[in-house]
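Notes follow once the structure below has been shown.
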Amino acid sequence: MSKTTRPGPVSYRTATLDGIAGVPAPDWNRLTGEPPDPAIRHEFLLAMERNGCVGEQFGWLPRHIVCHDADGRLVGAAPCYLKDNSYGEFVFDWSWADAYQRNGRAYYPKLVSAVPYTPVNGNRLLVHPAADRSAVIDALLAEAGRLSAREGSSSHHWLFTTEQDTGDLVSR
């Protein structure tokens, strides 16, 4: 578990989970927005994990990032996967992988924040409506950077984001 702090009274704990079962469904679902996005709901992501749609066999290893406040409440999350291929993303980046290889670098693994096999825009930076969105996003992105370093990933891709998430990512 990592700790990310921000100047002022708010302190956050961040962690990376190897499966969404580590988060209570009601807590995760409170972050998914209004109206609820069915593709990002806990039940959908859990069903993909439990039924083998994601996992080592298909190159989608769950690495979900979570953020808790000082009282232990879940205030942020980002669905993430460690990928060893580009299948199921609907963003085929084999030319990037080839360019990396030609330059003596490995493109895989890479991190992807997305809903597997679902080319639909939606929230990828999940933040509780009562939380400080900017502070929680900063904590999530800091953990994403640590996760990327731990896993040796070449990059982190945020796929099919909402305009708000895209703006939040670009502004950092």
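The values are calculated or read from the model by the stated rules, or taken from the named source; none is laboratory data. Model, not experiment: these values are computed from the prediction. Note that we place each Cβ from the backbone using ideal geometry, even for glycine, and neighbour counts take in every protein chain shown. These area figures cover heavy atoms from the full protein model, side chains too; ligands, DNA and RNA do not enter into them. Shrake-Rupley method; radii C 1.70, N 1.55, O 1.52, S 1.80 Å.
Does residue 102 qualify as being open to solvent by 50 Å² or more (accessible area, probe 1.4 Å) and at pLDDT 95 or above?
Working: open to solvent by 50 Å² or more (accessible area, probe 1.4 Å): yes; at pLDDT 95 or above: no.
So residue 102 fails the test.
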>> For the structure I just gave you, tell me whether residue 76 is under 16 Å from the mean Cα position of the chain (by Cα), of a type in the set (Gly, Ala, Ser) and at pLDDT below 90.
In response: no
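Does residue 93 qualify as being charged (D, E, K, R), out of contact with any Leu (no Cβ under 8 Å at 6 or more places or on another chain) and open to solvent by less than 30 Å² (accessible area, probe 1.4 Å)?
Details: charged (D, E, K, R): yes; out of contact with any Leu (no Cβ under 8 Å at 6 or more places or on another chain): yes; open to solvent by less than 30 Å² (accessible area, probe 1.4 Å): yes.
Taking the combined requirement at face value, the residue satisfies it.
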> Looking at 76, 72, 104, which is the one that is among the small types (Gly, Ala, Ser) and either touching a helix residue (DSSP H, G or I) at 6+ places or on another chain (Cβ under 7 Å) or within 23 Å of residue 166 (Cα to Cα) (or both)?
Replying inline: 76
>> Pull out all pairs, ordered by first then second residue, where Cβ-Cβ is under 7 Å, the residues are six or more apart or on different chains, the first lies in segment 46-71 and is more than 14 Å from residue 20 (Cβ to Cβ), and the second is at pLDDT 95 or above and basic (Lys, Arg).
In response: 68/13
> In segment 117-130, how many residues are open to solvent by less than 50 Å² (accessible area, probe 1.4 Å) and under 16 Å from residue 67 (Cβ atoms)?
Replying inline: 5
> Which of (1) open to solvent by 30 Å² or more (accessible area, probe 1.4 Å); (2) under 12 Å from the mean Cα position of the chain (by Cα) is the odd one out, the single condition residue 133 does not satisfy?
Replying inline: (2)
> Does residue 122 satisfy the condition of being of a type outside the set (Phe, Trp, Tyr) and more than 23 Å from residue 36 (Cα to Cα)?
Replying inline: no
> What about residue 94, is it among the aromatic types (Phe, Trp, Tyr) and over 20 Å from residue 21 (Cβ atoms)?
Replying inline: yes
>> What's the total number of residues in segment 50-67 that are under 15 Å from the mean Cα position of the chain (by Cα) and open to solvent by 20 Å² or more (accessible area, probe 1.4 Å)?
In response: 2
> Yes or no: residue 71 closer than 18 Å to residue 169 by Cα, open to solvent by 60 Å² or more (accessible area, probe 1.4 Å) and at pLDDT 90 or above?
Replying inline: no
> Cβ-Cβ below 8 Å, separation at least six or inter-chain, first residue in segment 140-154 and more than 13 Å from residue 17 (Cβ to Cβ) and open to solvent by 40 Å² or more (accessible area, probe 1.4 Å), second polar (S, T, N, Q) and at pLDDT below 95: which pairs?
Replying inline: 146/2
> Are there any strands (runs of 3 or more DSSP E) wholly within segment 62-167 with 2 or more residues that are touching a Phe, Trp or Tyr at 6+ places or on another chain (Cβ under 9 Å), and if so which?
Replying inline: 64-69, 74-78, 81-83, 110-113
> Which residues, counting only those in segment 36-61, are part of a loop (DSSP other than H, G, I, E, B) and acidic (Asp, Glu)?
Replying inline: 37
> Of all the residues that make up segment 16-40, how many are surrounded by fewer than 16 Cβ atoms within 10 Å (Cβ to Cβ) and modelled with pLDDT of 85 or more?
Replying inline: 8
